[in-house]
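Only one structure is covered here, and it is reproduced in the block below.
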Amino acid sequence: MRIDLRSDTVTKPTKSMLEFMMQAQVGDDVFREDATVNLLEEKIAKMFGKSSALFFPSGTMANQTALKLHTNPGDQVICDKYAHIYNYESGGASFNSGISCKLLDGNRGMFTANQVKEAINPEAYYYSKTSLVEVENTTNKGGGACWDFDEIKKIRTVCDNNDLGFHLDGARLWNALVYKNERALQYGEVFDTISVCLSKGLGCPIGSVLVGDDAIMKEAIRIRKIFGGNMRQAGYLAAAGIYALDNNIDRLKNDHDKAKEIGVELTKLSIIKAVEPIETNIVIFELNSSISDKEFTNKLAQKDIHIISMGGGKLRMVTHLDYTDAMHNKFLETLKTL
Ligand SMILES: *Cc1c(COP(=O)(O)O)cnc(C)c1O
């Protein structure tokens, strides 16, 4: 039994998802004639209370489009030092939009409204223009941590007072909504743009969506085209998204429970130095000096259990739709033997 905990992106579409995909009505999306893509976009826009949404092949492209929508070359975006847009998008912020990131030293990928206030550049011409604040929820490198919504609202006020755009990288927002018992609508109310992933916890083979109001989203499709992201009969893929939104959100709690149970076992092991707090489906931990990352991951790999090292002495496991109860039981038993 192969147990793959490297990421929640390793899931494969289930039979029922595939059947739903096969029945999709499709058309040429470049002519905006793909009924299923249009349906998915309307559905997500409505969930967030926004007037517009656009389907993307990847979360990276959706975020990169948002950065471009909110900025001009030379501008600066305020984000956490752990931000996906800064660490894991291949330098796209500078490549695609010609902008720099002002990194905040947050806590597990989250920062405060005061930190934002202090990071805004003064108006003098020799500073780069601060034009955007970016928040990630849940935080990826921060171990699936969920933001305090009150802090997000305070940051919104700072954005309003300083004429800044506000973008949410919500690749795993679904996990936060379930964990915190929050609604998509409240996020739609405070952010100008939001990207969400369908291909992580929700189990789709591909797909992300960017939502916002018409005024800012008007140019999104042009930018997506410039980035090479136009698609044709993408309705088969959008159908997976519709299926996932209807069937796979509530069950995320199951992933969270499993992650917590893994955390409990890990903390019992003498070779583990620390386990970061576990809120959703990501488990980040450190080993003590008696064993190296490589030795530990190799040891698990020999038992066909796969996890990743994040560098800096940190290791990561992510629970997901394809991580079954049987796998979970076997893994917990295996941990006890280490
Ligand atoms: C996965 C992820 C993305 C998008 O990644 P893609 O692989 O391009 O779909 C964006 N932000 C965060 C926080 C992520 O975890």
Accessible surface, per residue, of the stretch 290-333 when the full set of protein chains is kept, probe 1.4 Å, Å²
47 Å²
So how far apart, in nm, are the two label points at ASP148 and ASN161 if each is 7 Å from Cα heading toward Cβ?
1.8 nm
Counting only protein heavy atoms, what percent of the accessible surface of the chain is carbon or sulfur at a 1.4 Å probe?
50 percent
When ligands, DNA and RNA are left out and all protein chains stay put, how many square angstrom of accessible area per residue does the stretch 126-179 have with a 1.4 Å probe?
32 Å²
Just to be sure I understand the model, the point goes 7 Å from the Cα along the line to the Cβ. What's the resulting SER90 to ALA274 distance in nm?
3.4 nm
I'd like the accessible area for GLU89, computed on protein heavy atoms only with a 1.4 Å probe and all protein chains in place. Round to 10 Å², please.
10 Å²
Quick check: residue separation of ARG222 and SER309 times 0.36 nm, minus the Cα distance between them. What number comes out in nm?
27.6 nm
Applying 1/(1 + (r/R0)^6) with R0 = 41 Å to the Cβ-Cβ distance of ARG232 and LYS129, what FRET efficiency is obtained, to the nearest 0.05?
0.60
Value of [θ]222 nm, deg cm²/dmol, for the chain, DSSP H segments ≥ 4, -39500 (n - 2.57) each, nearest 500
-12000 deg cm²/dmol
Dividing the mean separation of Cα pairs under 8 Å (6+ apart) by the residue count of the chain yields a relative contact order in percent of 25 percent
Determine how many Å³ per residue the convex hull of the Cα atoms of the chain encloses.
132 Å³
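Once whole DSSP H runs in the chain are found, which of them have Cα atoms spread over 18 Å or more along the helix axis and a mean Kyte-Doolittle score of at least -0.5? Could you put the intermediate results ahead of the total?
Details: long enough: 35-48 (20 Å, 0.40); 149-162 (20 Å, -0.86); 252-268 (25 Å, -1.14).
What comes out of the filter, once short or polar helices are dropped, is 35-48.
The values are calculated or read from the model by the stated rules, or taken from the named source; none is laboratory data. Nothing here was measured: the structure is a model prediction, and the numbers come from that model. Don't worry about glycine lacking a Cβ; one is built from the backbone with ideal geometry, like all the others, and counts go over all protein chains shown. Surface areas here come from the heavy atoms of the whole protein model, side chains and all, with no ligands, DNA or RNA. Shrake-Rupley method; radii C 1.70, N 1.55, O 1.52, S 1.80 Å.
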